[in-house]
Amino acid sequence: MKHKDAQEIVKEKLPEKRYKHSKRVAETAVEMAKIFEADVDKCYLAGILHDYSKYDELSEMYQCVTQYKLDPNLLSFKSEVLHGPVAAVKMREEFRIDDEEIYQAIMNHTSGRSHMTLIEKIIFTADYIEPKRTQPGVDYIRDIVFEEQNLDFAVYEITKSNILHLVSKDRSIYPRTLDCLNYYNMVKE
Ligand code: FE
Ligand code: FE
């Protein structure tokens, strides 16, 4: 898919604010691709498309999980986790984007997982640090990415912060997110 076409489908589907976020994630992912020597084109596409299903109906998302035999654990979670897997499947099934790396990057941007590919780690992190993000600790993560250039450590710190936040709100943790924490705790330097 051409960048322009990807931009168009996202612009049509999402509210302006989310479209702009998607563009910033794509641009941040490209910037990171240059540093970490990833495929720039795939990073742009995965970045612009990652939130395509952000506002889909929850019932439709659950239907998608069943229809495409996605992880059944997803049925215990809501849009916050589901919009990644659902967008990934839609890109493959409806828009014929037949690229495993883009698929996984969109799929796992909401949860992380163990053993992520370079492009998955870039999208996961770019989503967290795009320039308009202001959450506490975001500058610390930006330093890890752009100064230390330690992507595994950035993934670990983001996942840790997400889990701490969820636990403080008495929310459940999607199993792949725990796998992500454990794995990157082990491999980070
Ligand atoms: Fe998202
Ligand atoms: Fe996002």
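Each reported figure results from applying straightforward, stated rules to the coordinates on display, with no laboratory input. Please read all numbers here as calculations on a predicted model, not as lab measurements. Neighbour counts are summed over all protein chains in view; Cβ atoms, including those assigned to glycine, are modelled from backbone coordinates with ideal geometry.
A few notes on this one:
- Spatially close Lys pairs in segment 19-111, defined by Cα atoms under 28 Å apart and a spacing of eight or more places or different chains, total 23.
- With 10 Å bins from 0: P(r) over segment 137-182, alpha-carbon pairs, percent: 28, 47, 24, 2
- Overall shape of segment 1-98 was characterised from the C-alpha gyration tensor. The equivalent ellipsoid obtained from it has semi-axes of 24, 15, 13 Å, in decreasing order.
- Annotation: Cα Rg of the chain relative to the compact-globule expectation 2.2 N^0.38 Å equals 0.96.
- For the peptides 164-176, 10-22, 123-135, residues were scored by their other Cβ atoms within 10 Å and the scores averaged per peptide; the highest-first order is 123-135, 10-22, 164-176.
- Mean sequence separation of contacting Cα pairs (under 8 Å, at least six apart), scaled by the length of segment 44-107, corresponds to a relative contact order of 42 percent.
- Sequence-distant aspartates and glutamates (8 or more away, or on other chains) whose Cα lies within less than 17 Å of residue 13: 5, 51, 56, 57, 60, 93, 94
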